[in-house]
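The values are calculated or read from the model by the stated rules, or taken from the named source; none is laboratory data. Source: prediction; values computed, not measured. Glycine gets a Cβ as well: all are built from the backbone with ideal geometry, and neighbour counts include every protein chain shown.
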Amino acid sequence: MTTEAELTGTSAESVPATDHGESGGKPAWGALLVVLLGLFIANIDFFIVNVAIPSLQRDMHATSAEIQLVAATFNIGLSAMLITGGRLGDLYGRRKVFAIGLALFALASLACGIAPNMPELIAARAVQGAAAALVIPQVLGILTTAYTGKARVAAFNAYGITMGASAVFGQLIGGLLIKADLFGWDWRTIFLINAPIGAVVLLLTPKLVPESRAEGRTGLDWTGVVLVTAGLTAIVLPLVQGREQGWPTWTWECLVAAVPLLAAFWWTQRRKAARDGSPLVHPSLFADRSFGIGVVSLLVFFAAMASFFLVLALYLQEGRGVSALKSGLLFMPLGLGFFLGSAQSPKVAAKLGKQVLALGAVLQAVGNLGLAETAWHLDSTGNVAWCIPAMVVAGLGMGFVIAPLASLVLAGVAPQHAAAASGVFSTAQEMGNAIGIAVLGVVFFGVAGSQVTAHSYAHAFSVGLLVQAGICVLVACLVQLLPRPQAADPGAAAVAA
């Protein structure tokens, strides 16, 4: 049966709070920087590969279907394995699983970089995605157990900034690496660079990162693993492949099959929780309204954010003929706004509480509307620099949401479920990415039509941004459903009211 400690989160952890906890409100930066660097290289590969597609296709003589699989296999491996990866950390040690995942990720990146043909590259990308699913949830799990109070809020803010920076600057970093063409590696550089960075993080991990795991360790719930992996794959696979293939019958069959698979998963989790308290995802996580509503808000927000990057890149590169590098440089104003919002979000949260999230969502909606209006009035010779002010506002809104969101969603999670909850958190983010890109891809290309012109792409871009603005407003409404924090929870009190 579920114990009171499991529901309240009072179970002790193996990491002493005095070693990596709060010290004047400042976290122990060594451990934080190490895990965030691992997070950055694991997460950026979701975004960075897009900029390498033209040169990769030329060099490898790849078909359009093979190019799609380079992105899709990573996304599928990542999304399907995040929850399992989180639970593995709870059971066998978060630092240990983080290190194993990072080692596999570095090796898979090396395999991508030296792949002689497309089948081997695609297979290596699938392994890379699964390895990233071992790394990413451990980061939040480590931060949840290693920090308390204000230090935890600061660590979660740093996590949010890192996640946002990998998305905002992924295209710029990829463009710079390919432009530099180190050692004549061209597109291979974006994969090969992960190996030395990963090696450095691996060397520092045992020295700086504390180990933690759940008490009362039991075996892995293999029934849950099979059901959740199959269910999530049945959602993500058609979403990332459906539009390009014209939504064939198998995509709809997969989406329909996902419903009974995930329903069976939830039923088995409830049964296992009642029997021995060791499910893959403990139902008690969703008894906390902050977690449940927060996860839904996260999914919806990232549906808007991921699709924003998609339509902006398409508009700049396809509609306006801007090079990958120049397109990446145009993301700089977005990054400037993002960092300003991230830096100011703790101060704003102290005054507005949870409404900082609503403010951020509304600001992003305003930025999207301004960008839509600007793009609509630019003709084929208009300077895209006119888009910069609206991009700064949109980035500011992203910073106000992403930086404090992790702290809010995970504030009430029991320490023994930290990495599993982080897996659910990260899965919601990836599902939001997939859903947003699928839906906005249909809207964008449906409006643009078959003729690629500055006018048709500006029109499609503007319509897509209107849809995204509506999604951002929905996030602001969802925030109103979040509860006020408990008085005894200083971490939550810093970001919600």
For this session: Name the one entry in GLY292, GLY319 that is among the small types (Gly, Ala, Ser) and either within 22 Å of the chain's Cα centre (by Cα) or at positive phi (or both).
Result: GLY292
Problem set entry | Scope the range 427-477; condition closer than 30 Å to GLN355 by Cβ and polar (S, T, N, Q); matching residues | THR427, GLN429, ASN433, SER462, GLN468
Problem set entry | So ASN157, is it farther than 26 Å from ALA126 by Cβ, outside the structural domain of PHE302 (by TED's automatic domain parsing) and crowded, with 18+ Cβ neighbours inside 10 Å | yes
Exercise. Can you name every residue in the range 166-178 that is surrounded by fewer than 24 Cβ atoms within 10 Å (Cβ to Cβ) and either under 13 Å from PRO54 (Cα atoms) or in contact with an Asp or Glu (Cβ under 7 Å, 6 or more places away or on another chain) (or both)?
Worked result: GLY175
Exercise. Do we find that VAL413 is assigned to a loop (DSSP other than H, G, I, E, B), buried (at least 24 other Cβ atoms within 10 Å of the Cβ), over 14 Å from the mean Cα position of the chain (by Cα) and aliphatic (A, V, I, L, M) in this structure?
Worked result: yes
Seminar exercise, completed: Across the range 258-293, the tally of residues that are in contact with an Asp or Glu (Cβ under 7 Å, 6 or more places away or on another chain) and either modelled with pLDDT of 90 or more or not in a loop (DSSP other than H, G, I, E, B) (or both) stands at 2
For this session: For GLY441, state whether it is in contact (Cβ under 8 Å) with a residue 60 or more places away in the chain, outside any helix (DSSP H, G or I) and surrounded by fewer than 24 Cβ atoms within 10 Å (Cβ to Cβ).
Result: no
For this session: Only one of these is over 20 Å from GLY328 (Cβ atoms) and either in contact (Cβ under 8 Å) with a residue 24 or more places away in the chain or not β-branched (Val, Ile, Thr) (or both): ALA385, ALA390, ALA394, ALA428. Name it.
Result: ALA428
Seminar exercise, completed: Filtering the range 348-366 for residues that are charged (D, E, K, R) and in a helix (DSSP H, G or I) leaves a count of 1
Problem set entry | Sole residue being in a loop (DSSP other than H, G, I, E, B) and either out of contact with any Phe, Trp or Tyr (no Cβ under 8 Å at 6 or more places or on another chain) or surrounded by fewer than 21 Cβ atoms within 10 Å (Cβ to Cβ) (or both), chosen from GLY337, GLY321 | GLY321
Problem set entry | Test for LEU255: is it farther than 21 Å from PHE74 by Cβ and modelled with pLDDT of 90 or more | no
Exercise. Which one of LEU352, LEU359, LEU363 is at pLDDT below 90 and of a type in the set (A, V, I, L, M)?
Worked result: LEU352
For this session: Need at least 3 residues that are closer than 22 Å to MET81 by Cα and outside the structural domain of TYR92 (by TED's automatic domain parsing) per element, so show me which helices (runs of 4 or more DSSP H) inside the range 176-247 make the cut, counting only ones lying wholly within it.
Result: 222-241
For this session: Report, by residue number, each residue of the range 27-53 that is more than 17 Å from CYS112 (Cβ to Cβ) and part of a helix (DSSP H, G or I).
Result: TRP29, GLY30, ALA31, LEU32, LEU33, VAL34, VAL35, LEU36, LEU37, GLY38, LEU39, PHE40
Exercise. Restricting to the range 263-314, what's the tally of residues that are within 30 Å of LEU396 (Cβ to Cβ) and charged (D, E, K, R)?
Worked result: 2
For this session: Scan the range 139-154 residue by residue and report those that are basic (Lys, Arg) and either modelled with pLDDT of 85 or more or surrounded by 24 or more Cβ atoms within 10 Å (Cβ to Cβ) (or both).
Result: ARG152
